[in-house]
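What follows is a short report on a single structure.
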Amino acid sequence: MDRCIPPKANAEFVCQMEDVLDVYHRVYDGKISMVCLDERPVQLIGELRKPIPSKPGRKARYDYEYKRNGVANIFMIFEPLKGKRQLQVTRRRTKKDWAKCVGLNRFAVVLPLIYF
């Protein structure tokens, strides 16, 4: 696996980053969970004009104009080695939203902290 090393990184940084990346190559062990969290803000848009459907040899066409319907935030909690994932969508991204996502999900369990 090729890894991208920042140009100003030193040997200690590279060593620690390799330790973190090695976690993703571990064999699944039911006694130890690896739970990851990712988030992404999204813009909600709607069509102003009805799209033109596709025809044989021609893709559907969509107008470049759109209606802005606000924003949302998507949290994804997942256990990559177990193949489980959960999405939570919120209207905005606040500290309370993040804390609720981390604390109130189906993966929430008390785990010992593991330091690398």
Residue order, fewest to most beta carbons within 10 Å, for 49, 93:
49, 93
R0 of 30 Å, Cβ-Cβ distance residue 50-residue 86: FRET efficiency to nearest 0.05
0.30
I'd like the per residue volume of the convex hull spanned by the Cα atoms of region 29-103, given in cubic angstrom.
127 Å³
How many nm separate the modelled label positions at residue 61 and residue 36, each set 7 Å beyond the Cα in the direction of the Cβ?
4.1 nm
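Any read-out appearing in this document is the output of simple, stated calculations on the displayed coordinates, not a laboratory observation. Fair warning: this is a prediction, and the values are worked out from it, not measured in the lab. Virtual Cβ from ideal backbone geometry, glycine too; neighbours counted across all protein chains shown.
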